[in-house]
Structures are given as C-alpha cells and as structure tokens.
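Contents: one structure, followed by commentary.
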Amino acid sequence: MPKCNNRFSLKALAAAVSATVALGVTTLPATTYADETCNSPFTPLIKGQEDVVYVWTLGVEGVGDGSDKLVTVDVRPGSKTYGKVINYLSVGGRGEAHHTGFTDDRRYLWAGALDSNKIFVFDIHTNPAKPTLVKTITDFAEKTGYVGPHTFYALPGRMMVQALSNTKDHGGVTGIAIYNNEGALISKHDMPTTKIGGVMGDGYGYDLGINPQKNVLLTSSFTGWNNYMMDLGKMVKDPDAMKHFGKTMAIWDLKTMEPKKIFDVPGAPLEIRWSLKKGDNWAVTATALTSKLYVIKQDKQGEWQSYDVGTIGNPADVPLPVDISMTANGKGLWVNTMMEGMTRFYDFSNPMKPKEVYSKKIGSQVNMVSQSFDGKRVYFTTSLLGNWDKKGKDDEQFLKMYNWNGKKLTLGFSIDFYKEKLGRAHHMKFQALDLSKLQPLAAGSQNLDSLKLALTEPKGK
Amino acid sequence: MSKLSAYIVGALRLPLRGGGFFSVLMTLVLTGASIANASDGDQSKEITEQAGVIMDFKPHPPGSYKLYAIKPAPDGKVLDINGKTRALSEFTGGKVTLLSFIYSSCADPAGCPYAYLVFHNLQSRLQALPALKGKVRLVSVSFDPEHDTPEVLKLYAGDNAHGNHDVQWDFLTTASLRDLVPILDAYGQDVYVGVDPVTLKPINAKSHVLKVFLIDPNHVIREIYTASYLGPDVVYNDILTLLMEEGIKLP
C-alpha cells in the first residue's frame, strides 16, 4: 500500500469490501435497540413497546416481607398478565432503595440504597421477566468516602455513581464514583467546593447527565444523609436543616472530569434531562424548594449559561417538583409535584419560554415519571423517600400507566403497591423481552456447544 | 461537498442500498478518486459527521489529561489471517493497541464501516510520525467466525495482510463460537443475531453497539469508545497520551 500521507487510502477498504462481494454476502442495516428518554446516551434504547417495567421498591415494615425489592410488571398490551406484577426479588432488609441505572449494554441494572450504601447489580438479560441478583457492592462508602449512591449512569464499560453525602459528617458534600462494569472502583471525583466561573461550589450532588456531542457532564445538587433520612415534617421546622440544600449546578469536562463552570441555581436542582434532539445544546432541571424550571444552555459565544425559564405551580405553596421527563424530540416536558400529586406537561418547543399546556392529579402524592420513547405511554410512581412520603391515607403507593394522545392522559392500569404487599414504589426502568428473541451471545450459557443452535433458532421457537 | 465527503458517503451509506455499494466504491477506486487536501481535524470532523455522529468540541491536547485503568484486557484464543491459532494477548500488549470487534458484512453506518474509517485515518496519521514506528497496533476481531474465515479476513485486510506497515493492523477471527463468546463477554461487546420477523430464521445482520478499546502496553484497557464518542481526533490524542506515559517523545 502506498504511503497515505494523512490521506485516506481506498485500496485497503476496496480489498475488504471486494471480499464480501466475492462471497455474495448480503448487507442489512444492523438492528438497534431504543427506549425511554432519560437513560445514558451510551445505553441502547427501546423505541417501540416496552415489555416489562422494573420498579425499585422500598420495603416497609409490616408490608409483605418488609424488604427492598425489584418488582417486575408485565406491560405488554394483550398479555394475560398485562398490568400485573409477574415477579419480585427481595434483596433482604431495608436500606432506602432509591434509583437504578442500566449498564451500557443494558444487560445489568444497578440499583442503589441511600442508607445502607449498598449497590445491587441485577442480571436483566438472561431472563428479563425474572431478574436475578448477581452482585452486591457493600464497600461503596468505605472505598469512596461518599454516602448515598443515587444516580447510576452508564459510560462505555463503566458506571458513574453520583452520591448524595459523605462519611465524615453525613452532610451534602459528596462526589462521583466511577466503577467498571465488573464492579471494581476506577476513580472518584469530588464535587467542586471552590469558586469556578464566579460561583462558589457547594460540593453537593444529586443527578448527572452527559452530552457526548459537547463532551460535557452536568450535575445538580440536593442534600445530605442528615436531611434525606430525617422525617420531612421535622426537617422543614428545623431552620438549620433547611440551610443544607444544594444551590448549584456544575458543568464538567467529561474527558478530564474537571468542573468547568458552576451555576447559581438555588432551591435544590434535581433531575437533569438533556434534549435528545440531535444538535440541541441544552438541558433542563426543576428546583425542589423554589419550584422553578432552569435551562442550562450554550449562548451564542458557546459559553454555558443557566436560565430561569419559569415557575411550576405556585412556588409559595411549595408543590415540591420532583421528577421530570423530556420527550424524545425535546419539545415536551412532564413535571411531577410531590405535595400536589400532580403532573404537568409543558410545551418546550422554545426551551427559553416553556408553556404549561396540561395538568392532571395522579394521586395524593407522585414522584417519578417515565415515558416510552414515542411518548405514548407515561408511567408514574409515588415514593420520594421513606421518611418524606406522606402519612396515613395520603401515603398512596402505586404504579400507574397512562396513555397519552397529546391532549390528555387516560389510565391504562394501576397497581396498588400496598395492596400487593410490596412497599413504596420508586424508580422505574423499562426492559424488552426482545433480548430473548435476538439471542445474545452470552458466555453465561450453560452449554457453549449449544450456541450454534442458539444462533440459528430464536429462543423459544 | 468535498471529495473526501463524497468518498465517505459512498463508503458509509451505500451498503444500505444493497450491492451498489461495492460497484460504486470500486468505481471510485478504479477511477483514482483522490481525497481533498483536508487537514487532519477536518478529516476527523467529516468522518464523524458523515456517520451521523456529532462531536462539537475540540479534543484536549495529548498528555493534558489522565486515562484511568478500566480493567485488564481479556485474553482468548484467536486465529490470525493465516489460520494460525494465537493468544489474543499477543495482540494487546507491548504497544498501545486500538481494538474493535467487527464483522465484514456489517452495513450499519455507525458500526463497523465507521470503525474501519476511523482506524484507517488513524493508521495514516500515526504512520506519518516516524517516532511512533512499531509503537502502536490496530486490531480488528471478527465476531462472525462462520463467515469471516481467515481467508476472508486476509482479503479484508488488504495490504495490511503483508505486515509491512509502521502501524500494523491485525485482523483476527476465531475457530468457533466456543472461542469467540468468552472473549466478547469479557470485553463487554454485546452482539445479537437478527431474526426475520416473518420466517423467524436468522438473517445475516448482527445487532451490536460499536465499541472500540484503547489498551496500554501492559494489557490494561484505558478507554472505551462507542460511536457517539469515537472521533479520530479524540482517539489520536488518547493514543499519544498513552505513548507519552511510556516516555516516548513526540515531535
């Protein structure tokens, strides 16, 4: 081959493709998975109908076995068990189950417990309808100095874990730990506590989201173990406790994991959602205490800026915005308010001027919202934190699925998690049973000699 | 559209149209289509954009950041293009290695053809630096042993089959799924075989998320790229960063 001198040589590629021509190989575009809108950009998604929904559920004393558990719900339309719990897997004990995240291959689900600091790794590919617990990381706090593994966000071959607190004072100063997919700690990165871009970092953490197109990581801030494990009624009457909430967001260089700029976003900015529309350069968050929508966006000079773009409900009533869900086209946003039990849909066609166009009361309380990639199905759960959920009859715990036609929500099914003796319904993730139709090449198979058959016949045929 | 763009479009998009890809590409070759005088950065940008990948940032200079040790590069039993059984570890140590899993009939624009273009771009750029002779290796491992026999990969390798490049590009396959699957699993490379929805028979299309692994001379994976982060400029700087760790002085 001639020296290329920094030019493409066609010759080698031509030789390669000519080989396939000679063999008469036909080519088809490879199939890809696609799915809901809040996962890591490095995780394959489900763009069609999800088959099961996992609900990471807090155990409640006296309810069923009282243990934290991963609940599996069949959501296939037409299935005999549609809208029913088809499996649950208890992990033993109550550790304040909270959020989950897929590995980059969507074969495993990492699930965290904010009090016990345990991280549970579930196999969700061998039989997606019946996950198994394959690993428990028990030394998260010991190895990192962080407390409260909250957000699980895939990098290629790795998992980022955003923590909420620390082992020294159980306050809100914390950091990000990065593990490999095998569960070994690779690195840890403290949240910024210095002044960057004119704003002093508070060191707090909550959610994180990556925009690979811009090589940036965006983080938000909540509160530490001292607060999130305290009874909500007691905490709001404690002026000192109320001082210890995050009031910043930070944009990081993803490659170097160095914070580039800190934004003043008062009132505990929580969930982060990047617009998935190709070429978009903005993300949105909602602040829990001040009931605001903020957009983080590049200005015309390419500098990242934060913008207060609107209020949610009446901030004076402290509706407590919690989870948000961005439509795949970046033009709509669901926002839940815990205290109101409401969801609102905002027209985000202009992210700088979102407009509330729909609202509905989902229950006495509502926390998480997850939508299918096509936006036609919207799921809601209820639990925020074990000690922050409402009391008595207002402590409804459910998973509800609604169909969304662009104008209104229509209930598809509802599961009462207390009646089913499960516990407090928190984080949801979708999974496809297609993983069994498109047989994975998995070394975990019992008999490698059978793989030839597996490759030529879909499972279950 | 530059000539480079035209070439890349031909390379990446035409597979979707069937056999025309090959004839048009061959026509380009035979008519001596040349590449415009684009800078390395421009080439990198055009490659990523034509694959539908947006990388709207300037990569950091080599050596200005740290690449963490992710995990040891797994070993396994492979076949070289001469059909000789080799240990994969022979190809993941002693040099900075860039390794990807491919199959020769892949037509996903953001999959194997994209990786091929990135590898080719990197080989050309790295070979332009004499100081790097013998310091970097490219490896493509097929996950389709049934079709990608050593003979096929020898054709796929083109001039690389002769092993006379300053930056060697090795093409490997396996004797069987028994040998292949543990390697895929250990690297975390998921592959699914497509099934015709009507006949339920397997089709020769494999669904996979493109992954490329950067491995240091000590057999340790230091970076993993998927299509959304696989830009020639980014990988190039990462390779130089690892070489600088080895004390190699760059011009």
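The values are calculated or read from the model by the stated rules, or taken from the named source; none is laboratory data. Since we're looking at a predicted model, the values are computed, not measured. Quick reminder, even Gly has a Cβ in these numbers, built from the backbone with ideal geometry, and neighbours come from all protein chains shown. Calculation scope for accessible area: heavy atoms of the full protein, side chains included, ligands and nucleic acids excluded. Shrake-Rupley method; radii C 1.70, N 1.55, O 1.52, S 1.80 Å.
Among the residues of region A:279-293, those that are assigned to a strand (DSSP E or B) and either crowded, with 24+ Cβ neighbours inside 10 Å or away from every other protein chain (no Cβ under 14 Å) (or both) comprise A:283, A:284, A:285, A:286, A:287, A:292, A:293. The sole residue among A:141, A:129 that is closer than 26 Å to residue A:254 by Cβ, among the hydrophobic types (A, V, I, L, M, F, W, C) and open to solvent by 10 Å² or more (accessible area, probe 1.4 Å) is A:141. The single residue among A:171, A:148, A:203 that is more than 14 Å from every other protein chain (Cβ to nearest Cβ), in contact with a strand residue (DSSP E or B) (Cβ under 8 Å, 6 or more places away or on another chain), crowded, with 23+ Cβ neighbours inside 10 Å and not polar (S, T, N, Q) turns out to be A:148. Whether a residue is assigned to a loop (DSSP other than H, G, I, E, B) and either closer than 19 Å to residue A:431 by Cα or within 19 Å of the chain's Cα centre (by Cα) (or both) was assessed, and residue A:206 passes this test. Looking across region B:141-152 at every residue that is more than 8 Å from chain A (Cβ to nearest Cβ) and open to solvent by less than 10 Å² (accessible area, probe 1.4 Å), the one that is farthest from residue B:123 (Cα to Cα) is identified as B:144. Residues that are within 13 Å of chain B (Cβ to nearest Cβ) and in contact (Cβ under 8 Å) with a residue 60 or more places away in the chain were ranked within region A:253-274; the one that is surrounded by the fewest Cβ atoms within 10 Å (Cβ to Cβ) is A:260. Being in contact with a strand residue (DSSP E or B) (Cβ under 9 Å, 6 or more places away or on another chain) and either part of a loop (DSSP other than H, G, I, E, B) or modelled with pLDDT of 95 or more (or both) is a property that residue A:30 has. Region A:294-376 holds strands (runs of 3 or more DSSP E) entirely within its bounds, and those carrying 3 or more residues that are in contact (Cβ under 8 Å) with a residue 40 or more places away in the chain and under 19 Å from the mean Cα position of the chain (by Cα) map to A:321-326, A:332-337, A:369-371.
Looking at region A:73-83, which of its residues are open to solvent by 10 Å² or more (accessible area, probe 1.4 Å) and under 23 Å from the mean Cα position of the chain (by Cα)? A:76, the sole residue that qualifies.
Does residue A:104 satisfy being more than 15 Å from residue A:427 (Cβ to Cβ) and either surrounded by fewer than 21 Cβ atoms within 10 Å (Cβ to Cβ) or without any contact (Cβ under 8 Å) to a residue 12 or more places away in the chain (or both)? No, not satisfied. When residues in region B:153-189 are screened for being open to solvent by 10 Å² or more (accessible area, probe 1.4 Å), at the interface with another protein chain (Cβ under 7 Å from one of its Cβ atoms) and in a helix (DSSP H, G or I), 8 of them pass.
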